[in-house]
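Presented below is the structure to which this report refers.
The values are calculated or read from the model by the stated rules, or taken from the named source; none is laboratory data. Not measured: the values here are computed from a predicted model. Reconstructed Cβ throughout: ideal geometry from the backbone, glycine too, with neighbour counts over all protein chains shown.
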Amino acid sequence: MAKPPTKRPTEKGAEQKGKGLIRSLSRSGTKDRKAHSGEVHQGRLREPTACEQCGAVFMKRSWRRDHKVTLALLDRAAWTVCPACEQAKGKMGQGRVLVRGKFVLAHEDAIRARIRNVAARAGYTQPERRVISVDREGDALEVLTTSQKLAHRIVNELKKAFRGRATFNWSDDGTLLAVWRREA
């Protein structure tokens with residue numbers, strides 16, 4: 001007759017089989033409240049905080065545009081300028097996209113529309129990710145974004161929509177240079 005497996009108690013007091021679950025519940029040596037990227041530079045903001053320029057609201061430790069804004073919320077909100085508006089004002093982008101090739105000249109309107117759509121979709125829930133500028137330099141477009149992730153997403157969407165080749169170069173200072181190229 002087989003002996004039934006012994007059950008070992010976990011840290012929470014519930015009984016489970018095996019050591020894997022016990023080890024997964026051990027959280028010693030980990031931070032329970034990591035600082036968000038905005039909190040590293042500015043410190044923790046009071047909640048709620050609203051941006052004077054774009055209207056984004058800082059709640060639950062992130063800047064959002066999809067929160068319902070009521071008069072009661074606006075009465076108790078602190079007013080400041082969000083990090084994305086500061087970056088846009090100073091033209092300090094974390095992502096730079098170069099769109100190159102002969103295809104760009106023939107389809108510039110479609111490419112610009114795709115960039116606008118990607119930025120609008122990202123900016124709805126994450127207002128700190130936005131396009132600062134789209135400039136034409138000869139036969140290329142240069143797109144400056146406030147985040148690496150948005151630059152990466154723009155290049156991936158251009159590649160998905162129009163094919164072409166994409167290259168990504170991350171630098172030590174935390175910026176991304178993404179190049180999308182398509183000839184003919």
(Q) One residue is enough: does segment 144-167 have a residue meeting the conditions in contact with a strand residue (DSSP E or B) (Cβ under 6 Å, 6 or more places away or on another chain), in the same structural domain as ARG116 (by TED's automatic domain parsing), assigned to a strand (DSSP E or B) and in contact (Cβ under 8 Å) with a residue 24 or more places away in the chain? (A) yes
**Q.** Restricting segment 43-95 to residues that are surrounded by 15 or more Cβ atoms within 10 Å (Cβ to Cβ) and of a type in the set (Phe, Trp, Tyr), the residue that is nearest to THR146 (Cα to Cα)
**A.** TRP63
Q | Count of segment 152-176 residues which are under 19 Å from ALA84 (Cα atoms) and over 16 Å from the mean Cα position of the chain (by Cα) | A | 1
Q: Could you identify the single residue in TRP63, TRP170 that is in contact with a Cys (Cβ under 7 Å, 6 or more places away or on another chain) and either more than 21 Å from ALA50 (Cα to Cα) or in contact (Cβ under 8 Å) with a residue 12 or more places away in the chain (or both)?
A: TRP63
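If we only count strands (runs of 3 or more DSSP E) wholly inside segment 65-141, which ones have 3 or more residues that are of a type in the set (D, E, K, R)?
Numbers: elements: 78-80, 95-100, 131-137.
In segment 65-141, 131-137 are the strands (runs of 3 or more DSSP E) which contain 3 or more residues that are of a type in the set (D, E, K, R).
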Q.
Just to be sure before I move on: is GLU142 among the charged types (D, E, K, R), within 25 Å of GLU86 (Cα to Cα) and touching an Asp or Glu at 6+ places or on another chain (Cβ under 7 Å) in the structure I sent?
A. yes
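Listed here are the residues, each with its yes/no results for (1) within 21 Å of ARG121 (Cβ to Cβ); (2) modelled with pLDDT under 80; (3) under 20 Å from the mean Cα position of the chain (by Cα).
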site	(1), (2), (3)
LYS7	no, yes, no
ARG27	no, yes, no
HIS67	yes, yes, yes
GLY101	no, no, no
Q. If the Cβ limit is 7 Å and pairs must be 6+ apart or interchain, which residue in segment 114-134 that is closer than 20 Å to ARG163 by Cα pairs with which residue that is among the basic types (Lys, Arg) and buried (at least 17 other Cβ atoms within 10 Å of the Cβ)?
A. VAL118/ARG153; ALA119/ARG130
Q. If you take the residues in segment 139-151 that are more than 10 Å from the chain's Cα centre (by Cα) and surrounded by fewer than 24 Cβ atoms within 10 Å (Cβ to Cβ), which one is nearest to ALA122 (Cα to Cα)?
A. LEU144
